[in-house]
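Structure first, commentary second.
Each value in this text was obtained by applying a stated rule to the coordinates, not by laboratory testing. Everything quoted here is computed from the prediction, not taken from an experiment. Note that each Cβ is placed from the backbone with ideal geometry, even for glycine, and that neighbours are counted across all protein chains shown.
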Amino acid sequence: MRYEYRNGAIRVSGSYFEEMRYDISNEKIAVLADGKGGLLSYRVADKGEDRLSTFFAFSLSLNGQPLDPYLEKTVEMIGRTQSVSLPEAGVTTALFLSKDDNGVFFEISAKAGDILSVTLNCRNAKSETHLDSDFIRGANFLLSSSEKGDWITENDAFYLEARGSVKLFFSFDNDEAAHRQAFLAFDRKKAEAKEEIEQVSVPASVKTEEEKALYLAAYFTALENHKTLGSFRAFAAGIAYLEPLRTYFRDGYFTLLPLYLSHPDYVRDEILTLARGIAPDGSCPSAVKRDFTAFWGDHFDSPSFFVMMISDYVRHTDDETLLEEKIGDVTLLKLADKVLTKLSARADETGLLYKAGDYNKRDWADEVNRNGYVTYVEALYARALACASSLYQGRDEAASAKYEAAYRKVKDAINTLLFDREKGYYVNYKTRDFTEDNLSVDTVFTLLFGIADKEKAESVLDKMEALLETRNNQAQKGGDFGVMSVYPLYKERRATAHKSMRPFDYHNGANWCYLTAMYAYAKYLYGRDYAYPLLSCFSYNVRRGHYTPVEYFSPCAPTGGSLQGWSAAIAFTYQYIGKASFFDLK
């Protein structure tokens, strides 16, 4: 297969029969388009597993002849759309999602005068036989068509003939009124899907067609993971996180970063949704489910992300009313204080948080037992303390001073206890009797948050370039696949679990796109080459048939988590190149 980039779209050429998978999502559903006009997956948020247990495909004939599976095709993918063009036959199949309808829109077009025969087959769609109908209400689905046809229950298929083009709308749903209304608005919904793409403001830092395609893909990754179900208005971590529907403190933080400039209301809603899942004692879970209950409680990084989100929002929108919003009878500002008070109870005499227990996986690397002092956790904690101090300035000077003093103590301890001068970087984690001194990309937050002075920051970047950038580190033998999450691999086998037990898989050396984006941003801030890390995630995966941003990958691991929310951080990095640091509290 061959690929190119044009006007922000990914264009892939090959034979008609070849799959070209593309994830698309909206407020209600997530689907996987197959690059042949059909679907491979259909998930409804918070309503169970994939609805397509087997098959959803189109079979097309032109003037009585089935289309040759070896015809040359071009598949174009951008935003919430995928189109399949067969130039030799003059046939195009396009599908798209609107922002909020539970259903998929299809338009199949042929040249004027040609007779187009269409069969839509879905083995999981159950219905009685319907003849000469343009609307089918099945046992578990709804189907509208611009041309009348026959649904044959024995074949689980809809058959029709048309001249020129036909429009279809399919949904696994029972809301007939909403379905019919959406189909009547087909042309408007199609125009809106196009306008949504055209209205995206592409930053000046995006120079090439490949960068534009990457930027739009990353930006839409954030938009498409936004979910609204009742009072739950927040970002899913990805299309695999819809059952139960939940939003994560850390995933959410990075997913919303590129939306401060365009959708500050989404940011505000995310903060309020997360706030409703905080425990009465101030502890924060990994994620908050749609019913606002905890999903894997009491994490070490979640509280810091919550305070950071509030600070970022107030600083970048000038909307201070958020601080007076109440969860129960507690304002958001007081809730931030409560969260930090609870978290600070885990600090010891050094000022640093201590992750107790030999098997403690409660931070982003949740398949690694990083215990004791974890540089990543400490950097976030320091940042949260600094953010709290800033939030209290002009409101409660004593509280502001308290948090400023705590921040200074934690910052000094990070640099004293966790920076290894011989190695030239911050160690991953250390207990009172063991140090995991590999280099972890998540220690880059010490640079972004101003914890490292310039000398240390330059040293850390030198080491990350040499050890984590695979174009430079040939000892890892995997070739060039961008930026590894850690190197060398974890020393203690008992430290890793599940996928991370395998070398260069998951948290144990794979490339995580959101952290690669943060590393790229740090490189920009220090005047270094940021293009390589930014493009590496995208170009590597497009070559391998992954056309929406993934979560992690390596040559040794199956690619994980397509259309993964926090990979939207790539778009954030492009947005803030050429500007002052997003993280500047002044």
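Hey, what did segment 2-178 get for relative contact order, percent, Cα under 8 Å, at least 6 apart?
With pairs under 8 Å counted, the relative contact order is 18 percent.
Sort 205-217, 96-108 for me by packing, meaning the mean count of neighbouring Cβ atoms within 10 Å per residue, highest on top.
By packing density, highest mean first, the sequence is 96-108, 205-217.
Would you work out if the chain is rounded, prolate or oblate? Take a ≥ b ≥ c from the square roots of the eigenvalues of the alpha-carbon gyration tensor; rounded if a/c is under 1.5, else prolate when a/b is larger than b/c, oblate otherwise.
Judged from the Cα gyration tensor, the chain comes out prolate (a/c at least 1.5, a/b above b/c).
Taking the Cα atoms of segment 2-178 alone, what are Rg (to one decimal) and Dmax (as a whole number) in Å?
15.6, 45
Helix-only mean residue ellipticity at 222 nm, the chain, DSSP H runs n ≥ 4 weighted -39,500 (n - 2.57), per residue, nearest 500. What is it?
-9000 deg cm²/dmol
Under 24 Å Cα to Cα from Lys477, which lysines show up? Leave out anything in the same chain fewer than 8 places away.
List returned: Lys423, Lys463, Lys491, Lys499.
Excluding residues on the same chain fewer than 8 positions from Lys190, give the lysines whose Cα lies under 23 Å from its Cα.
Lys28, Lys36, Lys73, Lys99, Lys111, Lys148, Lys167, Lys212, Lys227
Over every pair of different alpha-carbon atoms in segment 149-280, take the mean of 1/r and invert it; report that Kirkwood radius in Å.
For segment 149-280, the Kirkwood estimate is 18.2 Å.
What FRET efficiency would be calculated for the residue pair Arg163, Ala185, taking the C-beta separation as r and a Förster radius of 22 Å, to the nearest 0.05?
0.40
Please list 299-307, 160-168, 324-332 highest first by mean number of surrounding beta-carbon atoms within 10 Å per residue.
299-307, 160-168, 324-332
Relative contact order, percent, of the chain when contacts are C-alpha pairs under 8 Å separated by at least 6 residues?
For the chain, the relative contact order is 12 percent.
Sort the following peptides by mean Cβ neighbour count (other Cβ atoms within 10 Å, averaged over residues), highest first: 533-539, 2-8.
533-539, 2-8
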